[in-house]
Each structure stands twice: as C-alpha cells, then as structure tokens.
1. Can you give me the number of residues within segment 23-37 that are in contact (Cβ under 8 Å) with a residue 40 or more places away in the chain, farther than 15 Å from Val115 by Cα and not in a loop (DSSP other than H, G, I, E, B)?
2. Across segment 111-125, what is the total count of residues that are within 10 Å of the ligand (Cβ to nearest atom), in contact with a strand residue (DSSP E or B) (Cβ under 8 Å, 6 or more places away or on another chain) and either in a helix (DSSP H, G or I) or aliphatic (A, V, I, L, M) (or both)?
3. Condition test on Ile128, is it in contact with a strand residue (DSSP E or B) (Cβ under 6 Å, 6 or more places away or on another chain), in contact (Cβ under 8 Å) with a residue 40 or more places away in the chain and assigned to a strand (DSSP E or B)?
4. Any residue in segment 89-96 that is polar (S, T, N, Q), buried (at least 20 other Cβ atoms within 10 Å of the Cβ) and within 9 Å of the ligand (Cβ to nearest atom)?
5. Restricting attention to segment 68-88, and to residues there that are of a type in the set (D, E, K, R) and over 14 Å from the mean Cα position of the chain (by Cα), which single residue is nearest to the ligand (Cβ to nearest atom)?
6. Out of all the residues in segment 95-110, is one or more within 19 Å of Leu137 (Cα to Cα) and either of a type in the set (Ser, Thr, Tyr) or modelled with pLDDT of 95 or more (or both)?
7. When you scan segment 31-64, how many residues do you find that are more than 16 Å from the ligand (Cβ to nearest atom), within 16 Å of the chain's Cα centre (by Cα) and of a type outside the set (Val, Ile, Thr)?
8. Which one is farthest from Gln21 (Cα to Cα), of the residues in segment 45-88 that are without any contact (Cβ under 8 Å) to a residue 40 or more places away in the chain and of a type in the set (A, V, I, L, M, F, W, C)?
Amino acid sequence: MSNKTLAIIKPDAVKKNVIGQIVTKITEAGFKINGIKQVRMSKASAEAFYEVHKERPFYNELVEFMTSGPVVPIALERENAVAEYRKLIGATDPAQADEGTIRKLFAANKAENAVHGSDSDENALIEIGHFFSKSELI
Ligand code: CMP
C-alpha cells in the first residue's frame with residue numbers, strides 16, 4: 001500500500017541552487033511526485049504550518065527563516081512514505097545525520113536544515129493540504 005508525505009525544500013537549499021539535486025535523490029529513492037511548486041510562504045502561512053511548535057523557543061526564528069525566500073513543497077507517494085523519506089533526509093541536526101542523507105549533504109545546521117518531512121501519515125495529509133489544492137495533485 002502506498003502512503004503520502006510532504007517534503008519542503010527550504011529557503012537555504014533553494015538559495016544554494018540544489019533543488020534539482022534534492023529532487024533527483026527523492027525520485028531515485030522510489031518516490032512518485034504527486035505535486036510540486038515553488039512558493040514564497042507568508043508569515044501567516046508559516047505560523048499556521050508550524051503551529052505545533054508555537055511554544056518552542058525557536059518558533060519565531062523558524063517562521064522568519066521559512067519566509068526568508070522561496071520554498072519548494074513536494075507532495076510525495078511511496079510505500080511507507082513517511083519513514084522512508086525521513087530515512088533519506090537524515091536527522092534534524094545535520095551533524096547527526098548519516099552519510100549520504102540529504103541533510104548531511106546540503107544542510108548547514110539544525111535551523112537551516114535544507115528540507116522538511118512529515119512526521120506521520122495523518123500530518124502528511126494535513127501538510128499536503130496546506131500547500132496544494134486538489135487540482136494541483138495527481
Ligand atoms: P523540521 O523537522 O522540518 O520542522 C521543525 C523545524 O524546526 C526543524 O525542521 C528545524 O528546521 C527547526 N528546528 C528544530 N530545532 C531547532 C532549533 N533548536 N533551533 C532552530 N530551529 C530548530
């Protein structure tokens with residue numbers, strides 16, 4: 001059975017011009033792209049997306065970072081998508097990420113960490129809905 005997950009190529013990786021390299025790693029890992037776009041998140045959009053982190057000390061920094069430049073949300077599908085994609089991107093802190101993972105290759109630190117990944121099947125559907133309308137998805 002195939003599942004969904006949401007990837008976001010974050011502003012640091014877009015600025016580094018590595019969208020293509022990241023998308024290639026994702027598709028080579030067997031994910032199907034159901035939707036992809038480049039957008040500049042508004043403050044309200046970023047605040048809503050990271051609502052679960054509202055009480056965290058890094059919340060304001062996170063919202064500021066995610067609105068600092070364009071991002072590339074990608075709706076993905078694959079068997080066991082959430083876990084497989086998280087394996088592909090590596091740990092939140094690139095210093096702790098395994099060799100060959102997207103964060104090890106492209107992330108600078110815990111805050112500017114190149115990519116986002118959903119943490120559950122349920123949140124994946126909510127997060128995909130945050131960025132994509134039905135007509136923008138396969
Ligand atoms: P992500 O897992 O995509 O979603 C939550 C984000 O919060 C995480 O990526 C990081 O970008 C950010 N984050 C987590 N911990 C910290 C931290 N200690 N300082 C700054 N940002 C953080």
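The values are calculated or read from the model by the stated rules, or taken from the named source; none is laboratory data. Quantities reported herein were computed from a predicted structural model and do not represent experimental measurements. Counting neighbours? That spans all protein chains shown, and the Cβs are built from the backbone with ideal geometry, glycine included.
1. Going through segment 23-37 one residue at a time, the tally reaches 4.
2. 2
3. Considered against the rule, which asks whether it is in contact with a strand residue (DSSP E or B) (Cβ under 6 Å, 6 or more places away or on another chain), in contact (Cβ under 8 Å) with a residue 40 or more places away in the chain and assigned to a strand (DSSP E or B), Ile128 comes out as no.
4. So far as segment 89-96 goes, no, none of its residues is polar (S, T, N, Q), buried (at least 20 other Cβ atoms within 10 Å of the Cβ) and within 9 Å of the ligand (Cβ to nearest atom).
5. Selected residue: Arg78.
6. No, segment 95-110 has no match at all.
7. Final tally of qualifying residues: 7.
8. Val52
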